[in-house]
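The values are calculated or read from the model by the stated rules, or taken from the named source; none is laboratory data. The model shown is predicted, which means the values in this text are computed figures rather than measured ones. With ideal geometry, Cβ positions are generated from the backbone for all residues, glycine too; neighbour counts draw on all protein chains shown.
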Ligand SMILES: Cc1cc2nc3c(=O)[nH]c(=O)nc-3n(C[C@H](O)[C@H](O)[C@H](O)COP(=O)(O)OP(=O)(O)OC[C@H]3O[C@@H](n4cnc5c(N)ncnc54)[C@H](O)[C@@H]3O)c2cc1C
């Protein structure tokens, strides 16, 4: 039986799962836990509730309904996306190969407001080690981050680059990094460089000379995962066609990660469409 792997258990991911499972496709949802909906105290503008419902309760009911249809939920964090002979989601709980993948990880985090960062994007500031490591072979680079996602990107860089410095920007380490990585725990004051990145200035005034800075803060969002396979994104928004397919066949996106109206109704609609279209494509193929 063909299978679909969905990343995210918010309204978009769960709605996609309901439609995929009912279309007879083996459906797995990978989730690191509650998303934006969980933070909504009361939802008053979603169809079908005479009394407002808490976001957490709406989310719980959605997941319960999908489980009742046989959807499998795995609590883990997705850190990578590859294509060998099949799309494969890399997670902290291992690899999940899939005939189709639906990205539904919610709105991406904004990049940190560090002077110099935005202006040097594409000129030494990168958001994807898998995509760009090759351009930095034999060079000194830094990874801006402190968790499992940062570790995943460090591992992609180490075999290619000369050295990796980890800039935690004042956050505590939440993963165990290899000893060859130099950890700088200070806040980052600025990314330095005119035309290209030449280094960073840390709080206290220390500078580190670098050719590149990879921004890998927090958890991998849909745009970061999409970028890994070269799917087109526009800022923090994943570009999709009328079937919710990204520019990469078999890779779909739904919900807040595609931009537009950041609301439950739109996430549910896009999830329904992504689940239906992904299942339809698998039946045809
Ligand atoms: C405070 C607040 C109030 C709101 N009020 C309303 C309202 O009144 N009405 C309304 O319609 N909308 C409201 N919203 C917006 C609504 O919650 C979102 O539009 C909706 O939840 C988007 O659904 P989603 O499935 O795209 O993303 P989310 O609900 O954010 O779900 C994302 C999912 O992806 C998972 N995830 C992310 N990264 C990874 C990873 N790397 N690996 C594994 N899993 C991952 C998360 O754990 C989560 O399960 C509110 C939002 C907030 C924050």
Could you tell me whether the range 61-72 includes any residue that is surrounded by 21 or more Cβ atoms within 10 Å (Cβ to Cβ) and within 21 Å of the chain's Cα centre (by Cα)?
-> no
Looking only at the range 102-124, which residues are closer than 17 Å to residue 149 by Cβ, out of contact with any helix residue (DSSP H, G or I) (no Cβ under 8 Å at 6 or more places or on another chain) and either within 15 Å of the ligand (Cβ to nearest atom) or not in a loop (DSSP other than H, G, I, E, B) (or both)?
-> 109, 110
Could you list all residues from the range 11-50 that are surrounded by 22 or more Cβ atoms within 10 Å (Cβ to Cβ) and near the ligand (Cβ under 6 Å from one of its atoms)?
-> 11, 12, 13, 30, 31, 35, 37
Checking residue 242 against (1) closer than 25 Å to residue 128 by Cβ; (2) surrounded by fewer than 22 Cβ atoms within 10 Å (Cβ to Cβ), the condition it does not meet | (1)
Would you please name the residue that is farthest from the ligand (Cβ to nearest atom), looking only at residues in the range 1-10 that are outside any strand (DSSP E or B) and within 16 Å of residue 283 (Cα to Cα)?
-> 1
Hey, residue 133 in the same structural domain as residue 167 (by TED's automatic domain parsing), within 16 Å of the ligand (Cβ to nearest atom), more than 21 Å from residue 255 (Cβ to Cβ) and crowded, with 20+ Cβ neighbours inside 10 Å or not | no
Yes/no for residue 161 being at pLDDT 95 or above, surrounded by 14 or more Cβ atoms within 10 Å (Cβ to Cβ) and within 13 Å of the ligand (Cβ to nearest atom) = no
Just a yes or no: is a residue in the range 167-190 in contact with a helix residue (DSSP H, G or I) (Cβ under 7 Å, 6 or more places away or on another chain) and outside any loop (DSSP other than H, G, I, E, B)?
-> no
Test: residue in the range 197-205 that is at pLDDT below 95, under 20 Å from the mean Cα position of the chain (by Cα), assigned to a loop (DSSP other than H, G, I, E, B) and on the phi > 0 side of the Ramachandran plot | no
